[in-house]
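Right, one structure below, let's go through it.
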Amino acid sequence: MGIIKFEGIGTTWRIDLYSPVEKKQIDYLQTLVVKRVKEYERMYSRFRFDSFTNITLNQVGTFTLPSDAEPLFSLYHKLYRITNGAFTPFIAQVLVDAGYDAVYSLKSGTLHSPPHWDEVLEYHFPTVSIKKPELFDFGAAGKGYLIDIVTELLKEQGAKQFCIDAGGDMRYENSIPLRVGLENPNNLEEAIGVVTITNTSLCASAGSRRKWETFHHIINPHTLTSPEKVVATWVIADKTIIADALATSLFLVESSVLIPHFSFEYLTLFADNTFEKSPHFPAELFLR
């Protein structure tokens, strides 16, 4: 067994390799993974002034997207339509104005509703035509997608059984059940339950982790406020990008909006300590 640990895209990564691995192979895998994470951040991070999204996509014109952009852009486009614009990459300027900017000033100013998708771009992979400059934010699904990319990289290098944990969002490649605690957003030292997973992805989102003034890291573009009814979500899906995106979406729309379009299991915790759970979410809950 080997362990890979590093910091990337603003969070802590830990990769547990369950098969016997020599140290030199672990070092090699770590080099490959860290390099790939840095490349991804250079492409899609709104916190880097030199990223592809901040430089190229913030100007009028037609551009060729990176070869790995299709799953990310297509999912955002799909969820934008499904949620009537509540899930949008153009929430970036709203977050900046609210204080969640590149320097984490956490001081809010005046917020304005983001533009509609068709006002900003036309998307036909591999090209995108920008009609008006606008900041992009892929934070609602970006980490999940990067976990999927790292998963495929590890598999290409021969790794078969492993667990990727990037700031609590996970990809578990193993048929041996793994029990994972569900963190209580109101008391980070406690768990509200335990979920058991095998060969799947688990992502969580909570407003308690990044909170300031009246905001947290999720802002509804229609109300320009952070949702208060939902306090935490957990989603299990075959792809981490889907689990990550839907964990955010459940703050913005009812589960019934998403269920016809995706295969997933979920748990939503509400502010009054009640919860909604899909029938097959594999968890033992301590909530009454």
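How high is the relative contact order of the range 163-213, given as a whole-number percent (alpha carbon pairs under 8 Å, six or more residues apart)?
The value is 37 percent.
Of Asn184, Asn58, Asn273, which has the largest mean-square fluctuation in a 10 Å C-alpha GNM of the chain?
Asn273
Once the chain is represented by equal point scatterers at the alpha-carbon sites, with solvent omitted, what log10 I(q)/I(0) does the Debye formula produce at q = 0.10, 0.15, 0.16 Å⁻¹?
-0.54, -1.23, -1.38
Just want to confirm a number: the relative contact order over the range 65-178, from Cα pairs under 8 angstrom separated by 6+ residues, in percent.
19 percent
Listing Phe125, Phe136 from the residue with the fewest other Cβ atoms within 10 Å to the one with the most, what is the order?
Phe125, Phe136
Based on the alpha carbon coordinates of the range 166-227, what radius of gyration and maximum Cα-Cα distance (Dmax) apply, in Å?
14.6, 44
Please give the Cα centre distance for the range 234-288 versus the range 28-49, rounded to the nearest Å.
29 Å
Can you tell me the relative contact order of the range 200-283? Whole percent, Cα pairs under 8 Å, sequence separation 6 or more.
Rounded, it is 29 percent for the range 200-283.
Taking the beta-carbon count within 10 Å as an exposure proxy, list Arg81, Arg209 from fewest neighbours to most.
Starting with the residue having the fewest Cβ neighbours, the order is Arg81, Arg209.
Could you tell me what fraction of 2.2 N^0.38 Å the Cα radius of gyration of the range 54-94 comes to, as a two-decimal ratio?
Cα-based Rg divided by the globular estimate yields 1.28.
Mind checking which lysines have their Cα closer than 29 Å to the Cα of Lys229? Skip sequence neighbours fewer than 8 apart in that chain.
Reachable lysines: Lys78, Lys107, Lys143, Lys211, Lys239, Lys277.
Exactly which chymotrypsin sites (Phe, Trp or Tyr not before Pro) in the range 1-58 are in a DSSP loop and have at most 12 other Cβ atoms within 10 Å?
Passing both the DSSP loop test and the Cβ count: Phe49.
Report, in debye and to the nearest 20, how large the dipole of the chain comes out about its Cα centre when Lys and Arg carry +1 and Asp and Glu carry -1 on their Cβ.
About 340 debye.
When the scattering of the range 89-161 is computed by the Debye formula from its Cα atoms alone, each counted once and equally, what is log10 I(q)/I(0) at q = 0.13 Å⁻¹?
-0.59
Test of the criteria: in the range 127-215, which GluC sites (Glu not before Pro) are in a DSSP loop and have at most 13 other Cβ atoms within 10 angstrom of their Cβ?
The qualifying sites are Glu213.
Exposure proxy check: His77, His280 ranked by fewest other beta carbons within 10 Å?
His280, His77
Restricting to bridges with both residues inside the chain, how much of the DSSP beta-bridge set is antiparallel, in percent to the nearest 5?
Taking every DSSP beta bridge within the chain, about 100 percent pair in antiparallel fashion.
Placing +1 on the Cβ of each Lys and Arg and -1 on the Cβ of each Asp and Glu in the chain, which of Val180, His116, Ala283 has its Cα farthest towards the positive end of the resulting dipole?
Val180
Which loop trypsin sites (Lys or Arg not before Pro) in the range 128-186, with loop taken from DSSP, have no more than 12 other Cβ atoms within 10 angstrom of their Cβ?
When the trypsin sites (Lys or Arg not before Pro) of the range 128-186 are filtered for loop state and at most 12 Cβ neighbours within 10 Å, Lys160 remain.
What ratio of Cα Rg to 2.2 N^0.38 Å holds for the range 85-238?
The value comes to 1.21.
Values in this text are rule-based calculations from the coordinates and carry no lab data. A quick note: this is a predicted structure, and the numbers were derived from the prediction, not measured. Positions of Cβ are backbone-derived with ideal geometry, glycine not excepted, and every protein chain shown enters the neighbour counts.
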